[in-house]
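Okay, so here's the structure we're looking at.
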Amino acid sequence: MGTNALKTTGRRPIRSHKVLIADDQPEILTSLRRILREEPYDLITCDSASKALEWLAENPVDMVIADERMPEMRGSDLLEKVRDAWPQTIRVILTGYPGSSTVAHGLTHGIDWLISKPWNDDALRLTIRQMLDDRDQKRPAPGPEPVKTEPEAADFCEQAAVPLSSIGVDGRVLWANRAELDFLGYPKHEYVGKSIVDIHADPRTAQELLRRLADGETVRQFEARLRRHDGTFVDALIDANVRWEDRKFVRARCITRDNTSQKSTEARLRRDRDELETSIRERNRDLQGANDELHRETAERQRAEDTQRLSEMRFRLLVEGVKDYAIYMLSPDGIIVSWNIGSERIKGYTAEEILGRPQTMFYTEEDRSAKKPERLLESAKAHGRIEEEGWSVRKDGSRFWSHVVVTALRDPAGRLIGFAKITQDLTERRRADEEKARLSAQMLQGQKLQAIGQLSAGIAHEINNPVGYILSNLNTMGEYCQDLRRLLKVATAAAMAREKGGDPTEALTEYRRMAEDIHADHLIADLVDVVGDCKLGGEKIRDIVRSLREFSHVDEGALRPTDLNKCLEDALRICWNELKYKAEVHKDYQADLPQVPAYPQRLGQVFMNLLVNAGQAIEKRGEVFLSTRVEGDYAVVRVRDTGRGIAPEHLSKLFEPFFTTKEVGTGTGLGLHVAYKIVNAHRGKIEIASVLGQGTEFTVRIPLGGPRVAAATEHPTDRRLS
């Protein structure tokens, strides 16, 4: 806890009011102290709700200003405690989310005013001054009975923009404000006295609401479908609590909110998910058909290669009837000596046109210049058989993507007698592979942008805080510059009087008076702090924007040396608002962790998915542990939380697409599936260990040599889900 009670000087008013400010951001506290330093208040600043309550227990104050988002307790909950313990204290909420449901609830349960971030300095000073003056004027003279303020509270509720109402124990409406009547379209004389069973589309939901209220339950976000006056229906969320007198249900106070947009959003998400599932099934069916066709073609090609070892006559009888492959023989120096019907169909030449000509005419100009045809035959001669894929040229000059197999033929004595060459047109398969890669990239980018959309409110809040105190500090700097400009003008007058031989005493006296009046020493010292705070805020915004830009950048599809520590830190910066109010983050990074060849944007997406899952797994307060290490041939990143854990029966399904244990609208079930595909593309491993009720740990292993080196050394049975 920090206090900042400004001292009284000969020129400043007496501090007649005490104002306590609670905010977990030191920059906000500094900015508010600076704005209110000239006001007649004793300022007390606390960096947590608990410290504020400690101070209030022994030191009464006139006003409490509390930030809504604090780690231990929401500001609205703190102000509700202040209302119960010190009802005469003015209660003001400070928030960057003025439209949230908790703030709306607070405005009807103990909050006198709301200040939205970023604020206007002059308006803030005027509002606080007016509220304190109004309270002083309305404060009753000492006497046995305090003046009741219920009419003012009733008028405030009546004029509130939030639909409010109260119902009796029998379910009839006792009172409704103007917003409630406008929301449902009823005249007041028809609505008041009406049973909520007649207002709810389903009487059972009304009865369920009354039952829960009668049991003493405080109802939050109760879903209901309400009947408007014109007969139409509207989806709504209802918050309600019960007022008891002498342990008897007197009435329930209700807040109603329109839920139509959320319902339509959920329906649209379900529809989009169904369409995506259908599209994926169709694409999988197409790809499976292409894969089956490829397997069939590969089997035929293998049989053709095996039969080439038979006699030349049997070979000719076989290959002359093959149409899907170009099969022909070459002399040891690369001259074409046989030609089948498949060669004529694929290459475009008849046997009469091509026999006796060099096989280099099937290659592009670039390949011929690079001596590729000669090198291919030399490799087949050295190794017995060689395969490759590349561009080939038809008779009409068009190009096609081909798979070529060249086999060296030798007589029983081992002497080279020629080559057998098989060419397959893979143009269509190449297009299918490219389309598959494009759709996969679109899915990854779409999931990345969806994650950013879900985090956008938190990111905006992280940017909004430094923006608020930067703007405030700039206003302060403007005031300081005006004071310094006046002081400089007096100093210049004194210097000119001295240069002209005059008496500068009067100007110097005015200079000293003005310097004392504006507190020049304090002003200059404070100016350094103001600039430093602005710089710190700007750096925070820069770091957030830089991390967001790097994460959301479309993946170029190229491997780059990647710093996994930085990649993890950038993901943490983007997700910070999802974690800081729920978890304490512990970092244990290996300082000399080597860079690995990887796709940095994709790995950032993996780490962000894991961090968001960790935050969502923690219900109230917990811890998140991040570590990086080199273990064997892998760079290892671990993300561990102390959340609710995962049931053993769900562990085997976590990486399946669309599988989720979250509520509808909270997740798509693609996050961990995408993470698995990205790690798998790096030839890495992703492992999970979880104990129900204790937490979960994800381990990501990325090969130090990159995916290509890992693929070259990998055993076929190693590619399995970890």
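No lab work stands behind these numbers, since they all come straight from the coordinates. Because the structure is predicted, anything quoted here is derived from the model rather than measured. So basically every Cβ, Gly included, is an ideal-geometry build from the backbone, and we count neighbours across all protein chains shown.
Which value in Å is the Kirkwood Rh of segment 157-258 over different Cα pairs?
For segment 157-258, inverting the mean 1/r across all distinct Cα pairs yields 13.4 Å.
Give me the aspartates and glutamates in straight-line cross-link reach of K566: C-alpha distance below 18 Å, same-chain residues under 8 apart excluded.
The qualifying aspartates and glutamates are E539, D543, E550, D555, D588, D592.
If you only keep lysine pairs separated by 8 or more in sequence, or across chains, how many in segment 308-425 come under 19 Å at the Cα atoms?
Close lysine pairs found across segment 308-425: 12.
Taking 7 Å along the Cα-to-C-beta vector as the label spot, tell me the E619-S50 distance in nanometres, rounded to one decimal.
2.1
What is the dipole size for segment 308-425, taken about its Cα centre, with +1 at each Lys and Arg Cβ and -1 at each Asp and Glu Cβ, in debye to the nearest 20? Walk me through the intermediate numbers first.
Values: 19 positive and 18 negative charges, 55 e Å.
The dipole of segment 308-425 has a size of about 260 debye.
What ranking of T127, T492, T642 emerges when the number of other C-beta atoms within 10 Å of each C-beta is taken as an exposure proxy, fewest first?
T492, T127, T642
Going by average Cβ neighbours within 10 Å, how do the peptides 409-419, 358-368, 338-348, 559-569 rank, with the highest at the top? Intermediate values should be presented prior to the final figure.
On the way: 409-419: 12.3, 358-368: 15.4, 338-348: 20.2, 559-569: 18.3.
The most tightly packed comes first, giving 338-348, 559-569, 358-368, 409-419.
Give the peptides 594-605, 382-393 in descending order of average Cβ contacts within 10 Å, highest first.
So the order, starting with the most tightly packed, is 594-605, 382-393.
With unit charges on the beta carbons (Lys and Arg positive, Asp and Glu negative) and the dipole taken about the Cα centre of segment 308-425, which residue among F362, A326, P412 sits farthest to the positive side?
Of the listed residues, the answer is P412.
DSSP loop GluC sites (Glu not before Pro) in segment 159-254 with at most 14 other Cβ atoms within 10 Å of their Cβ, which ones? Kindly include the intermediate steps, with their values, before the conclusion.
Working: sites: E180, E190, E208, E217, E223, E245; in loops: E217.
Those satisfying the criteria are E217.
Taking H as built 1.01 Å from N, whose amide H comes closer than 5 Å to the amide H of A583, not counting residues under 5 places away?
G622
Expressed as a rounded percentage, what relative contact order does segment 551-641 have, with Cα pairs under 8 Å and six or more residues apart?
That works out to 36 percent.
For segment 168-219, what size does the Cα cloud have along each of its three principal axes, sorted from largest down, in whole Å?
For segment 168-219, the Cα spread along each principal axis is 31, 20, 17 Å.
Taking the radius of gyration and the Kirkwood hydrodynamic radius from Cα positions alone, what is the Rg/Rh ratio for segment 320-421, to two decimal places? Don't skip to the answer; put the middle values down first.
Details: Rg = 13.1 Å, Rh = 13.9 Å.
For segment 320-421, the value is 0.95.
Using modelled backbone amide H atoms (1.01 Å from N, in-plane), which distant-in-sequence or interchain residues come within less than 5 Å of Y634's amide H?
Under 5 Å from the amide H of Y634 lie the amide H atoms of L704, each far enough along the sequence or on another chain.
In segment 157-258, with Lys and Arg counted as +1 and Asp and Glu as -1 at Cβ, which of these residues, V242, P187, A160, has the Cα nearest the positive end of the dipole, that is, farthest along it?
After comparing all options, I get V242.
To make sure I understand, if each residue's beta carbon is the centre and we count other beta carbons within 10 Å, what order do S402, S261 fall in, fewest to most?
By the 10 Å Cβ count, ascending: S261, S402.
In nm, give the distance between the simple-model label positions of H383 and Q595, each being 7 Å from the Cα along the Cα-to-Cβ direction.
3.2
May I ask which of K18/K117; K117/K535; K18/K620; K620/K653 have a Cα-Cα span longer than 29 Å here? Write down the numbers at each step before the final one.
Working: K18/K117 23 Å; K117/K535 19 Å; K18/K620 33 Å; K620/K653 26 Å.
The pairs that break the limit, which is 29 Å between Cα atoms, are K18/K620.
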